[in-house]
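Chemist: One structure coming up, written as structure tokens, with questions to follow.
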Amino acid sequence: MKPSEAEAAARPQSRLVTHWRREAIVGYLFALPWIIHFLALTVGPMAFSLYASFTNYNIVSAPRWIGIANYRFIFLQDDRFRIALYNTLYYVVVKTPIVIALSLLFAVLLNNPIPGKRLFRTIYYLPTVITGVAAIFLWIWVLNPAGLLNRGLGLLGIRGPNWFYDPTWAKPGLIVMSLWYIGSPILIFLAGLQDVPYHLYEAAEIDGAGTWAKFRNITVPLLSPTIFFQVVTQIIGAFQVFNTAFVVSITTHTTAGDPAQSLLFYAVYLYLRGFRSLQMGFASALAWILFIIVLVITLIQIRLSSRWVYYAG
């Protein structure tokens, strides 16, 4: 008995559906380790920290539900929270434009056809290889009141500040130290500059455009997606500053955040509450406040990006 035409037509379709299902199963099996990792080590801890932020939790005993008491104390009574938030915002607002402007400037210079271009690119990127505590101690020595930088300023007849020993100059000193890692944003800007068509510069030169006109009307618009990426990532990274502030303060002073709490950044304060005072519920509330602040700022940037970011194509 021969199969009907409908059955014969359904067989290839059934085989195709079976093939798609097998491919989907294989794909999910390959993705399963990442899914387990994401659920167990990201979503799980985030959910627990959200719950812990509404509790009195000191790690050694079970969490005790206290509602919004942690948040109420943070916003209404905690003066150190305000200091930490101010220090962090100061760092974000001042450091971000400086790093982006300098890295873009050096990237444009290193993108020109000059002798030894590869050597200069390597030199600018090398400092990013020396990271961690070693680089921090190096900069503590450089920014010592009698250190290398102040000696250089003294040769010019300028009296250098006390840097990490002066509350007024501690945060600017940390911003100067952050320029040590400028090699990574330079590299990203260099990658973006490679996508700018050179014939646009040639056409602008024929029309009589100068260097500044070409930079303003060609380089910046076509590089705006890269600039936007740099702004977002630099701000997020600046909000999370911890290592440099913590190591500098405990090395030059006896208390984390000194001098005069000028280096008490948000992440440092969160660490002190969570791991020094064992107030993990309180620290979880601080973490979620920081998460919301960064999320809101990022969403605002994404919303405003349509006004100045140009996507070619």
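No value in this document is a laboratory result; all are computed from the given coordinates. These numbers come from a predicted model, not from an experiment. Cβ sites come from the backbone with ideal geometry, for glycine too, and all protein chains shown count toward neighbours.
Chemist: In percent, what relative contact order does region 19-121 have, based on Cα pairs under 8 Å that are 6 or more apart in sequence?
Modeler: Relative contact order, region 19-121: 10 percent.
Chemist: Over the chain, what is the mean sequence separation of C-alpha contacts under 8 Å (at least six apart), divided by residue count, expressed as relative contact order in percent?
Modeler: The value is 26 percent.
Chemist: Among I130, I114, I297, which one moves the most in a GNM of the chain with springs linking Cα atoms closer than 10 Å?
Modeler: In this elastic network of the chain, the residue with the biggest mean-square fluctuation among I130, I114, I297 is I114.
Chemist: Can you tell me the equivalent ellipsoid semi-axes for region 216-276? Use √(5λ) from the Cα gyration tensor, largest first, whole Å.
Modeler: Listed largest to smallest, the semi-axes of region 216-276 are 35, 12, 7 Å.
Chemist: In Å and on Cα atoms, what radius of gyration and Dmax does the chain show?
Modeler: Cα-based Rg and Dmax for the chain come out at 26.8, 106 Å.
Chemist: OK, next. For the chain, with a Gaussian network of springs between Cα atoms less than 10 Å apart, report the residue from Y91, Y165, Y198 with the top mean-square fluctuation.
Modeler: Highest fluctuation of the listed residues: Y198.
Chemist: Please identify the helices of the chain, taking whole runs of DSSP H, that span at least 24 Å along their own axis as judged from the Cα atoms and have a mean Kyte-Doolittle score of 1.6 or higher.
Modeler: 280-305
Chemist: Still on this structure: Could you list the square roots of 5 times each eigenvalue of the Cα gyration tensor of region 159-313, that is, the equivalent ellipsoid semi-axes, sorted largest first and rounded to whole Å?
Modeler: Whole-Å semi-axes of the equivalent ellipsoid: 40, 21, 11.
Chemist: So which residue, out of A52, A191, A209, gets the largest mean-square fluctuation from a GNM of the chain using Cα contacts under 10 Å as springs?
Modeler: Among A52, A191, A209, the largest mean-square fluctuation in the Gaussian network model of the chain belongs to A209.
Chemist: Highest mean first, what order results for 245-251, 263-269, 122-128 on Cβ atoms within 10 Å?
Modeler: Final packing ranking: 263-269, 245-251, 122-128.
Chemist: Do the sum for the chain: with -39,500 (n - 2.57) for every DSSP H run of n ≥ 4, divided by all residues, what is the mean residue ellipticity at 222 nm, to the nearest 500 deg cm²/dmol?
Modeler: Calculated from helices alone, the mean residue ellipticity at 222 nm is -21500 deg cm²/dmol.
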